[in-house]
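All of the numbers you see were taken from the coordinates with simple rules; none came from a lab. Bear in mind the structure is a predicted one, so any value in this text is a computation, not a measurement. Quick reminder, even Gly has a Cβ in these numbers, built from the backbone with ideal geometry, and neighbours come from all protein chains shown.
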Amino acid sequence: MRTTTFTLTILAVIIVGGSYCTARADALQDALMKLPPEERVRQICIIRGLDRMRSEKSLPTADRMKTSILSPAQLNGEVLTAKGAAVRSKHHWFALTFTCEVTKDQMKATRFDYQVGAEIPADKWEDLGLW
């Protein structure tokens, strides 16, 4: 659990900071290698998804993503499918469906297709583990 907390802290710094300097990228790679394969895929897809949403301006202030809020995400080989994910933007959570493809070594997301759904009401956040 300590490794996951450390990794998530590093990911948060990188995502919030928005810059991928060499030192941070190296630290991220090292931290990702310490995660179990399925968790590594989830984290890689979250990074790719947030970057894509921001760059496409669909959710330019997206800052958090959870892969298994409304239903569990499924990893099949190199493809993570999340039909019950959620993304946060401007302190509001939205339902999210996505498919993310990763490299065989599970260190890079090569494709991220998504659809943002309806806003999740604040009175449901606690039950869903959102904040």
Virtual spin-label span in nm between MET107 and LEU130, 7 Å along Cα→Cβ | 3.5 nm
In debye to the nearest 20, the charge dipole size for the range 36-128, taken about the Cα centre with +1 at each Lys and Arg Cβ and -1 at each Asp and Glu Cβ, equals 260 debye
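Please work out the Kirkwood hydrodynamic radius for the range 36-128, using every pair of different C-alpha atoms, and report it in angstroms with one decimal place.
With all distinct Cα pairs of the range 36-128 included, I get 13.1 Å.
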Within the range 83-100, the residues whose backbone N lies under 15 Å from a label point placed 7 Å from the Cα of THR61 along the Cα-to-Cβ direction are 88-94
Normalised convex hull volume, the range 29-80, alpha-carbon set, Å³ per residue = 99 Å³
Between GLU38 and ASP26, 0.36 nm times their residue separation minus their Cα-Cα distance comes to what?
-> 2.3 nm
